[in-house]
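*Asks:* I am attaching a structure below and will ask some questions about it afterwards.
The values are calculated or read from the model by the stated rules, or taken from the named source; none is laboratory data. All values derive from a computational prediction rather than experimental measurement. Every residue, glycine as well, gets a Cβ built from its backbone with ideal geometry; the counts of neighbours run over all protein chains shown. Only protein heavy atoms, including side chains, enter the accessible area calculation; ligands, DNA and RNA are left aside. Shrake-Rupley method; radii C 1.70, N 1.55, O 1.52, S 1.80 Å.
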Amino acid sequence: MNFKNRIVNIDASNKCTLECPKCMRQDYKRMGKKVPGGDLSIDNFNKLIDYFNGACFCGQISDPIFNVNLIEFLKICKQKKKWCSVHTAASHKKIEWYEEAFKANLDTEWIFGIDGLPHQSFIYRVNQDGEKVFEMAKLAKKLGVKKVVWQYIVFGYNEKYIDEAKKLALDNNILFELNISGRWNLDNSYDPYRPKQSKNKLRGMHDKVEA
């Protein structure tokens with residue numbers, strides 16, 4: 001297996017301040033269990049990244065901004081000429097931290113999860129300050145980060161605001177990515193987050209966004 005031609009996805013921590021209802025963290029909480037894992041160390045990241053072309057920091061049980069070493073990881077990727085991206089939705093870091101993180105490696109791709117217009121995204125991203133997260137996306141562009149993405153998962157409460165959100169992204173030179181979630185009850189029972197529009201119609205909107 002040739003690891004040199006691959007990107008590794010890293011759940012770099014076990015911490016997050018959000019309580020998104022369909023996140024794996026909530027499964028552990030419902031079972032009365034602690035979220036497993038801890039912070040990836042600098043030494044282990046150095047060993048890992050040498051076997052890959054790049055790293056995608058996208059947590060399944062955490063948000064990467066809470067790994068105490070994340071800024072150092074970004075610097076290492078820059079030094080070793082490795083591609084990297086950060087997927088984040090949490091908002092509980094100081095602006096100065098974001099500034100340092102963005103400047104550490106301007107080639108890093110930053111993907112911000114804001115599900116709905118910034119003032120309403122907390123409906124799913126519980127505890128998120130969506131307006132602050134959007135301001136951080138704008139700050140990333142201002143500081144020269146090459147690729148900044150607004151990731152917008154479609155839910156019932158935000159599906160009618162897609163065009164408005166897309167325009168807001170484009171007005172700020174931010175890429176807009178529409179995501180259609182598959183995390184719905186398979187038995188078709190009531191789910192308050194389920195979009196009312198059909199998946200085919202939403203996929204059409206997705207194609208329109210990506211065009």
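*Asks:* For segment 43-68, how many residues meet the condition of being loosely packed, with under 13 Cβ neighbours inside 10 Å, touching a residue at least 24 places away in the same chain (Cβ under 8 Å) and out of contact with any Cys (no Cβ under 9 Å at 6 or more places or on another chain)? Working first, answer last.
*Replies:* Let us first name the residues in segment 43-68 that are loosely packed, with under 13 Cβ neighbours inside 10 Å, namely 43-44, 47, 50-51, 60.
Subset that is touching a residue at least 24 places away in the same chain (Cβ under 8 Å): 50-51, 60.
Keeping just the survivors that are out of contact with any Cys (no Cβ under 9 Å at 6 or more places or on another chain) gives 50-51.
Residues flagged as loosely packed, with under 13 Cβ neighbours inside 10 Å, touching a residue at least 24 places away in the same chain (Cβ under 8 Å) and out of contact with any Cys (no Cβ under 9 Å at 6 or more places or on another chain) within segment 43-68 amount to 2.
*Asks:* So which residues in segment 137-155 are open to solvent by less than 10 Å² (accessible area, probe 1.4 Å) and either in a loop (DSSP other than H, G, I, E, B) or out of contact with any strand residue (DSSP E or B) (no Cβ under 6 Å at 6 or more places or on another chain) (or both)?
*Replies:* Those that are open to solvent by less than 10 Å² (accessible area, probe 1.4 Å) and either in a loop (DSSP other than H, G, I, E, B) or out of contact with any strand residue (DSSP E or B) (no Cβ under 6 Å at 6 or more places or on another chain) (or both): Val145, Val154, Phe155.
*Asks:* Ok, one more. Starting from segment 97-121, keep only residues that are more than 21 Å from Ala165 (Cβ to Cβ), then list their pairs with residues that are open to solvent by less than 10 Å² (accessible area, probe 1.4 Å) and in a loop (DSSP other than H, G, I, E, B) whose Cβ atoms are within a distance under 6 Å, requiring at least 6 positions of separation or different chains.
*Replies:* From segment 97-121, the pairs are Phe102/Val145; Leu106/Val145.
*Asks:* Collect the residues in segment 4-62 that are among the charged types (D, E, K, R) and not in a loop (DSSP other than H, G, I, E, B), keeping them in residue-number order. Walk me through it before giving the result.
*Replies:* Step one: of segment 4-62, the residues among the charged types (D, E, K, R) are 4, 6, 11, 15, 19, 22, 25, 27, 29-30, 33-34, 39, 43, 47, 50.
Of everything in segment 4-62, those that are among the charged types (D, E, K, R) and not in a loop (DSSP other than H, G, I, E, B) turn out to be Lys4, Arg25, Asp27, Lys29, Arg30, Asp43, Lys47.
*Asks:* Just the residues that are open to solvent by 40 Å² or more (accessible area, probe 1.4 Å), at pLDDT 95 or above, of a type outside the set (Lys, Arg) and out of contact with any Gly (no Cβ under 8 Å at 6 or more places or on another chain), please, taken from segment 1-18.
*Replies:* Asn9, Thr17
*Asks:* Another question about this same structure. Return the pair list, or none, for Cβ contacts closer than 6 Å from residues in segment 142-170 that are over 18 Å from Glu131 (Cα atoms) to residues that are of a type in the set (A, V, I, L, M, F, W, C) and assigned to a strand (DSSP E or B), at least 6 apart or on different chains.
*Replies:* The qualifying pairs are Val145/Trp110.
*Asks:* Give just the number: which of (1) closer than 24 Å to Ile153 by Cβ; (2) touching a Ser or Thr at 6+ places or on another chain (Cβ under 7 Å); (3) assigned to a helix (DSSP H, G or I) does Ser85 not satisfy?
*Replies:* With (1) closer than 24 Å to Ile153 by Cβ; (2) touching a Ser or Thr at 6+ places or on another chain (Cβ under 7 Å); (3) assigned to a helix (DSSP H, G or I) applied to Ser85, the lone miss is (3).
*Asks:* For segment 69-88: of the residues being open to solvent by less than 10 Å² (accessible area, probe 1.4 Å) and not β-branched (Val, Ile, Thr), which is farthest from Pro21 (Cα to Cα)?
*Replies:* Cys77
*Asks:* In segment 93-147, how many are under 16 Å from the mean Cα position of the chain (by Cα) and closer than 21 Å to Ile76 by Cβ?
*Replies:* Residues flagged as under 16 Å from the mean Cα position of the chain (by Cα) and closer than 21 Å to Ile76 by Cβ within segment 93-147 amount to 11.
*Asks:* Inside segment 25-42, can you point out the residues that are within 22 Å of Arg125 (Cβ to Cβ) and surrounded by 13 or more Cβ atoms within 10 Å (Cβ to Cβ)?
*Replies:* Once the filter is applied, which keeps residues that are within 22 Å of Arg125 (Cβ to Cβ) and surrounded by 13 or more Cβ atoms within 10 Å (Cβ to Cβ), segment 25-42 yields Arg25, Gln26, Tyr28, Lys29, Val35, Gly37.
*Asks:* Checking Ile95 against (1) among the hydrophobic types (A, V, I, L, M, F, W, C); (2) over 22 Å from Lys146 (Cβ atoms); (3) out of contact with any strand residue (DSSP E or B) (no Cβ under 7 Å at 6 or more places or on another chain): exactly one of these is not met. Which one?
*Replies:* With respect to (1) among the hydrophobic types (A, V, I, L, M, F, W, C); (2) over 22 Å from Lys146 (Cβ atoms); (3) out of contact with any strand residue (DSSP E or B) (no Cβ under 7 Å at 6 or more places or on another chain), Ile95 is out only on (2).
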